[in-house]
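We did not get these values from a lab; they are worked out from the coordinates using the rules stated. Computed from a prediction, not measured in an experiment: that's the story for all the values here. Cβ placement follows ideal geometry from the backbone for every residue including glycine, while neighbour counts extend to all protein chains displayed.
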């Protein structure tokens, strides 16, 4: 369990707060809007009303006691930049700030952010990849070249084993796990036989996986 501070309760901040709490973290949220804080207060360990662009507000929160501080301000970039800088000045251990453009990320990193996230861009990229391919259920990018994908078993694979399909040589991918309903098999053996409704987690080059087709 980690101690987490989330500043800014826009859509991203709210979802982050709820999920971090579900994962058993100790979450404090802060926002200027009293109505939002009142709405969210029962969902997290602590909720405070305050303008975090003011140093005395941040100082009173004891930011140095949190394992991670998130800056998820959505209204003005200037506020996000000021808060990020103040957090580091006040001894925050690790600051993750939200950005929507590369130029914002550069300024945030120069002014104290340890990490920058692009939730809107990342979600758009993920949705575009999934909807552009017939065989992708979900994916996670590791590098510009390699990704982890969740794909359905090709129809031509059903009833055949991994070694018979010759997955690695023919498709240049490695299988990490196979799931079917509530059943999950990690690192399946070469003699595993594909079944209807199998969902497969694979790792490989994104362009190779996106070209997967039953006709190959």
Check your understanding: Contour minus end-to-end for residue 35 and residue 203, with contour as 0.36 nm per residue of separation and end-to-end as the Cα-Cα distance?
Key -> 56.0 nm
Revision key, fill the gap. Labelled set (1) 19.8; (2) 20.3; (3) 17.6; Kirkwood radius over Cα pairs in Å computed from this model equals the value at (1)
Review point. Simple spin-label model, 7 Å along Cα-to-Cβ: residue 51 to residue 163 in nm?
Key: 7.0 nm
Point to revise | Computed E for residue 141/residue 76 - FRET, C-beta separation, R0 25 angstrom, nearest 0.05 | key: 0.30
Practice item. Only residues of the range 89-125 count here: report those whose backbone N is under 17 Å from the spot 7 Å along Cα→Cβ of residue 59, or say none. Key: 89-92
Check your understanding: Going 7 Å from the Cα of residue 148 toward and past its Cβ, which residues in the range 174-196 have a backbone nitrogen under 15 Å from where you end up?
Key -> 174-179, 185-188
Review point. For the range 179-208 and the range 1-73, what is the separation of their Cα centres, given in Å?
Key: 39 Å
Practice item. Please report, in Å, the Rg and the Dmax of the range 37-103, where both are computed over Cα atoms only. Key: 12.2, 36
Review point. Is it possible to state the helix-based mean residue ellipticity at 222 nm for the chain, with each DSSP H run of 4+ residues giving -39500 (n - 2.57), the sum divided by total residues, to the nearest 500 deg cm²/dmol? What is it?
Key: -9500 deg cm²/dmol
Practice item. Output the antiparallel fraction of DSSP beta bridges having both residues in the chain, as a percent to the nearest 5. Key: 55 percent
**Study point:** For the chain, built as a Gaussian network whose Cα springs stay under 10 Å, the top-fluctuating residue of 131, 52, 69
**Key:** 131
**Study point:** Equivalent ellipsoid semi-axes - Cα gyration tensor, the range 44-164, angstrom
**Key:** 41, 16, 13
